[in-house]
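Q: Pasting in a structure now, in structure tokens, and then I'll have a few things to ask.
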Amino acid sequence: MDANGKPNAALATIGAGGIISAADAAGASLSVPVPFQNKIVLIEDTRIAGTTHVHGIDEIVGRLEVGADLRFEREPGNLADAWAIRVFAGDENIGYVPADCNEVLARLMDGGKAISAKLTGKEKVGTWNKLHMEVSLDD
């Protein structure tokens, strides 16, 4: 309440860095960090499967830098794996999350959780582009 007995308007916003700020009409403010404002690493290191089946993978990998953001897209209609998750660098499909670790990630994605990845390594082994990624929950 203000000096006239009227309620103060309070505003709450989430700003950069996941900070919740609340301010009342008198100009006082309170900032509280949001829990889990940092990424939660689910898989520290895994390979990207199926890169040998991607058309033009050598050119795509040539443009990729270690540290690049990767995104996932569920593919529940995949006949070979109901938990399939495609991996993209920008708009280009570069493979899949390996089947030995995709079920939990697929269930999280199906439940509305945001999962992301970063490219952590790349090497050429014969004709194979071996790509590694770190997978995180963005919560």
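The values are calculated or read from the model by the stated rules, or taken from the named source; none is laboratory data. Everything quoted here is computed from the prediction, not taken from an experiment. Please note: Cβ atoms are built from the backbone with ideal geometry, for glycine as well, and neighbour counts cover all protein chains shown.
Q: Do we have Ile94 as free of Cβ contacts under 8 Å to residues at least 60 places away in the same chain and in the same structural domain as Lys124 (by TED's automatic domain parsing) here? Please lay out each step first, then the result.
A: Numbers: free of Cβ contacts under 8 Å to residues at least 60 places away in the same chain: yes; in the same structural domain as Lys124 (by TED's automatic domain parsing): yes.
Here the answer is yes, as Ile94 does meet what is asked.
Q: I've got another one for you. What tally of residues in segment 70-87 results from selecting those that are loosely packed, with under 14 Cβ neighbours inside 10 Å and of a type in the set (Asp, Glu)? Give the derivation first.
A: Narrowing segment 70-87 to residues loosely packed, with under 14 Cβ neighbours inside 10 Å: 73, 76-80, 82.
Subset that is of a type in the set (Asp, Glu): 73.
Residues in segment 70-87 being loosely packed, with under 14 Cβ neighbours inside 10 Å and of a type in the set (Asp, Glu): 1 in total.
Q: Which is hydrophobic (A, V, I, L, M, F, W, C) and under 13 Å from Lys130 (Cα atoms), of Leu70, Leu79, Leu64?
A: On the way: Leu70 fails: under 13 Å from Lys130 (Cα atoms); Leu79 fails: under 13 Å from Lys130 (Cα atoms).
From the options Leu70, Leu79, Leu64, the qualifying one is Leu64.
Q: Would it be correct to say that Gly50 is assigned by TED's automatic domain parsing to the domain that holds Asp110 and either farther than 25 Å from Asp110 by Cα or surrounded by fewer than 17 Cβ atoms within 10 Å (Cβ to Cβ) (or both)? Break it down into steps so the answer makes sense when it comes.
A: On the way: assigned by TED's automatic domain parsing to the domain that holds Asp110: yes; either farther than 25 Å from Asp110 by Cα or surrounded by fewer than 17 Cβ atoms within 10 Å (Cβ to Cβ) (or both): no.
Answer is no for this residue.
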